[in-house]
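K.L.:
Attaching a single structure in structure tokens format; questions to follow.
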Amino acid sequence: MKKVYLVDYDSCNIRFCGRQCIKKCPITLSNATLKPNKKKQEVPIWVQKSTNQIKINSENCLKCGVCANVCPAKAIYVKGILEEPTELVPTHKYPEEEKTEGFRLYNLPTLTSGKVSGLCGPNGIGKTTVLNIISGKLKPNFGNSNLKSNQILWKDVIKKVKESEMRNHFTDLSQNDRKIAYKQQVLRILFEKYQGKKVIDILNAKNEVSSLFFQKIKKYLDISAIANRILDQCSGGELQRFAIASVLIKEADIYIIDEPCTFLDVKKRIKLAQLLRERAKGVNNEKPCPILVVEHDLAILDYLSDTVQLFYGVPHQFGIISRPLTTKKGINAYLTGFLKTENIEFREKEYTFKRSASGRTWSNAKIFARYGKISKTFESFRLSMNPGTIYASEILGVVGENGCGKSTFAKILAGELQPDSGSEFEGIQAIVSYKPQYITQEFSQTVRDFIIERAITYNFSEELLRILYRPLGVDKLFDLQVSELSGGELQRVFICSCLAKRADLYILDEPSAYLDVEERIHIGQIIRTITKRNNAVAICIEHDIQIADSLIDRVLLFTGKPGVHGNTIGPLNKREGMNLFLKEIDVTFRRDTRTGRARLNKKNSQLDRAQRASGQLWGVS
């Protein structure tokens with residue numbers, strides 16, 4: 001970490017401060033003691049005459065901090081710049097692209113039998129590269145980017161790996177003596193691989209685990225609900241459950257799971273976490289093994305992991321993997337941006353979470369819209385909604401299991417679906433902006449034109465750049481074609497196109513899907529900023545319990561039998577709604593005292609039993 005000293009010129013006033021920063025600088029004081037014939041050192045801090053401003057030369061600066069401490073206006077401050085560890089050889093380096101140095105990865109994760117290791121970091125920092133290396137799909141080149149993977153010999157890789165555990169891993173891989181089961185992030189490849197086949201037929205044919213564990217996989221992932229479907233008929237969440245099941249039924253030495261929670265509801269995320277922990281420990285006569293999981297839902301990552309390793313650096317330039325940490329210390333370090341064990345600050349900004357409007361009363365609040373009983377009937381599903389009220393300036397959180405009608409409700413509000421005749425709903429008499437759950441790249445236009453068309457605005461003002469586009473990095477995508485975007489980039493563009501519109505009601509269906517931790521936090525802040533700026537209402541369907549907890553004001557809970565019928569409870573105030581929701585999914589959570597984040601309690605732990613007994617399942621500090 002390189003420290004540089006900077007000047008805030010809005011605070012600096014050298015006419016009245018006496019220039020203490022220059023006078024008290026150790027080099028200034030040292031020069032004053034030298035005899036006239038002795039050569040003086042160059043003072044790193046001075047007043048530039050042309051601008052009449054304080055200047056600091058970082059090359060000559062001792063980094064002692066005296067100038068920052070003596071400045072009466074606190075106009076001088078320290079900024080830490082994360083530097084690439086040039087003294088180390090990269091584990092893997094990608095070739096140059098358009099005269100730009102390729103991405104460099106440093107270190108590898110630790111594999112521990114019987115443990116789930118969580119990998120946490122922003123997108124573009126090397127997580128997928130690591131998974132490909134561990135799985136054997138990519139051989140590390142140790143900085144020699146001219147070598148292709150098929151030109152690298154395993155014996156050379158083994159020689160350069162220091163950790164004995166990883167050397168053993170690559171040795172076994174080289175001898176085809178280690179089986180890897182890898183659930184990749186991209187699921188489209190499954191359509192081609194299993195075209196025209198039913199889910200249950202595929203799983204039965206591929207199963208290699210004991211009948212007891214196979215039954216547990218089917219139960220925890222609710223495979224019975226999709227057993228007789230071909231993959232083309234499956235939704236995103238259903239396809240995800242199949243993909244996870246198709247990996248866990250393999251008899252393997254290591255399981256690698258990349259972003260398993262996308263499109264899964266909270267209840268299924270928790271069941272998945274329990275399933276992965278049991279597989280790592282070797283229940284039902286399976287042998288214990290290491291499991292590596294990449295996940296951006298911090299509450300679930302905390303719940304399922306035994307240890308956490310952080311990825312930090314500069315996205316798309318270089319990434320560094322930390323040593324293993326306990327889940328609490330690791331996730332807190334990621335949020336604070338500081339690795340105490342390695343004395344590295346990798347981010348200036350610290351993220352903490354607070355309850356949003358948990359004590360707000362709604363009895364005298366202005367009403368934005370009311371709806372009566374709403375029903376919507378499909379061939380095999382029926383939604384029945386109780387009457388409800390939406391208040392002005394609120395952020396209403398919509399939670400519940402997949403397949404209970406949340407997206408159907410969103411489409412009805414957005415005017416994309418008509419409810420059954422006899423429903424007591426005549427539409428929202430306001431301007432509505434809607435971000436759907438499933439998004440597509442099938443647009444032949446640039447990102448800028450796409451936003452203009454969907455948002456019905458040409459507003460790319462400095463204000464909107466500052467509060468919307470820059471925090472999500474969309475300002476760097478304006479000139480790209482929508483068809484060229486990755487999943488995360490496409491999600492951010494759709495969110496921006498929704499929030500850029502001047503609307504009275506914003507409806508966002510699963511805004512955190514595909515996004516990394518920092519982007520999810522930014523999304524929550526941006527939604528609140530935009531709705532407040534436009535004096536609008538937001539309705540968010542969200543499965544990341546941390547983002548939901550920190551963002552929403554009230555709760556609309558969907559219940560029922562997924563895929564068959566759905567009902568609603570509420571909207572309710574936040575405390576009542578969150579407690580009822582957690583009761584529905586059978587979990588409790590507490591708050592981390594350091595960061596305020598939601599931490600799911602292990603089932604039947606002392607704190608879990610105490611919170612259930614008190615009836616306060618939600619967010620005890």
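The values are calculated or read from the model by the stated rules, or taken from the named source; none is laboratory data. Since we're looking at a predicted model, the values are computed, not measured. All Cβ positions, glycine included, derive from the backbone under ideal geometry; neighbour counts span all protein chains shown. Each accessible area value is taken on the protein alone, full model and side chains, heavy atoms only, with ligands, DNA and RNA left out. Shrake-Rupley method; radii C 1.70, N 1.55, O 1.52, S 1.80 Å.
K.L.:
Can you pull out the residues in the range 392-401 that are open to solvent by 10 Å² or more (accessible area, probe 1.4 Å) and either of a type in the set (Asp, Glu) or at pLDDT 95 or above (or both)? Before the answer, list the steps.
P.N.:
Of the range 392-401, the ones open to solvent by 10 Å² or more (accessible area, probe 1.4 Å) are 392-393, 401.
If the condition is that a residue be open to solvent by 10 Å² or more (accessible area, probe 1.4 Å) and either of a type in the set (Asp, Glu) or at pLDDT 95 or above (or both), then Glu401 is the only one that fits.
K.L.:
If you take the residues of the range 139-177 that are open to solvent by 30 Å² or more (accessible area, probe 1.4 Å) and among the hydrophobic types (A, V, I, L, M, F, W, C), which of them is nearest to Ile320 (Cα to Cα)?
P.N.:
Phe142
K.L.:
Being within 25 Å of Arg382 (Cα to Cα) and touching a Phe, Trp or Tyr at 6+ places or on another chain (Cβ under 7 Å) is the filter here, so list the residues in the range 425-471 that pass it.
P.N.:
Taking the range 425-471 as the starting set, the residues that turn out to be within 25 Å of Arg382 (Cα to Cα) are 425-428, 432, 434-439.
Those that are within 25 Å of Arg382 (Cα to Cα) and touching a Phe, Trp or Tyr at 6+ places or on another chain (Cβ under 7 Å): Phe425, Lys435, Ile439.
K.L.:
Sticking with this one: Which members of the range 581-615 meet the condition of being farther than 19 Å from Gly397 by Cα, assigned to a loop (DSSP other than H, G, I, E, B) and of a type outside the set (D, E, K, R)?
P.N.:
Residues satisfying the conditions are Thr593, Thr595, Gly596, Asn601, Asn604, Ser605, Gly615.
K.L.:
So is Asp553 surrounded by fewer than 24 Cβ atoms within 10 Å (Cβ to Cβ), of a type outside the set (Gly, Ala, Ser), touching a strand residue (DSSP E or B) at 6+ places or on another chain (Cβ under 7 Å) and in contact (Cβ under 8 Å) with a residue 24 or more places away in the chain or not?
P.N.:
Yes, satisfied.
K.L.:
Got a sec? Which of Gly330, Gly313 is in contact with a strand residue (DSSP E or B) (Cβ under 9 Å, 6 or more places away or on another chain) and assigned to a strand (DSSP E or B)?
P.N.:
Working: Gly330 fails: assigned to a strand (DSSP E or B).
Only one candidate qualifies: Gly313.
K.L.:
Could you grab me the full set of residues in the range 72-98 that are open to solvent by 30 Å² or more (accessible area, probe 1.4 Å), outside any loop (DSSP other than H, G, I, E, B) and either hydroxyl-bearing (Ser, Thr, Tyr) or touching a Pro at 6+ places or on another chain (Cβ under 8 Å) (or both)?
P.N.:
Matches in the range 72-98: Tyr77 only.
K.L.:
Give the residue, chosen from Gly570, Gly524, Gly563, that is of a type outside the set (Lys, Arg) and surrounded by 24 or more Cβ atoms within 10 Å (Cβ to Cβ). If you could, list the steps in order and put the result at the bottom.
P.N.:
Numbers: Gly570 fails: surrounded by 24 or more Cβ atoms within 10 Å (Cβ to Cβ); Gly563 fails: surrounded by 24 or more Cβ atoms within 10 Å (Cβ to Cβ).
Answer to the selection: Gly524.
K.L.:
Looking only at the range 421-444, decide whether some residue is more than 30 Å from Arg241 (Cβ to Cβ), open to solvent by 30 Å² or more (accessible area, probe 1.4 Å) and of a type in the set (Asp, Glu).
P.N.:
Yes: the range 421-444 contains one or more residues that are more than 30 Å from Arg241 (Cβ to Cβ), open to solvent by 30 Å² or more (accessible area, probe 1.4 Å) and of a type in the set (Asp, Glu).
K.L.:
Checking the conditions here, which among Asn228, Asn204 is surrounded by fewer than 18 Cβ atoms within 10 Å (Cβ to Cβ) and without any contact (Cβ under 8 Å) to a residue 12 or more places away in the chain?
P.N.:
That would be Asn204, the only listed residue that is surrounded by fewer than 18 Cβ atoms within 10 Å (Cβ to Cβ) and without any contact (Cβ under 8 Å) to a residue 12 or more places away in the chain.
K.L.:
Follow-up. Answer yes if at least one residue in the range 491-512 is acidic (Asp, Glu) and under 22 Å from Asn402 (Cβ atoms), and no otherwise. Can you show your working first?
P.N.:
Of the range 491-512, the ones acidic (Asp, Glu) are 504, 509-510.
Pick out the ones that are also under 22 Å from Asn402 (Cβ atoms) and you get 509-510.
Yes, because at least one residue in the range 491-512 is acidic (Asp, Glu) and under 22 Å from Asn402 (Cβ atoms).
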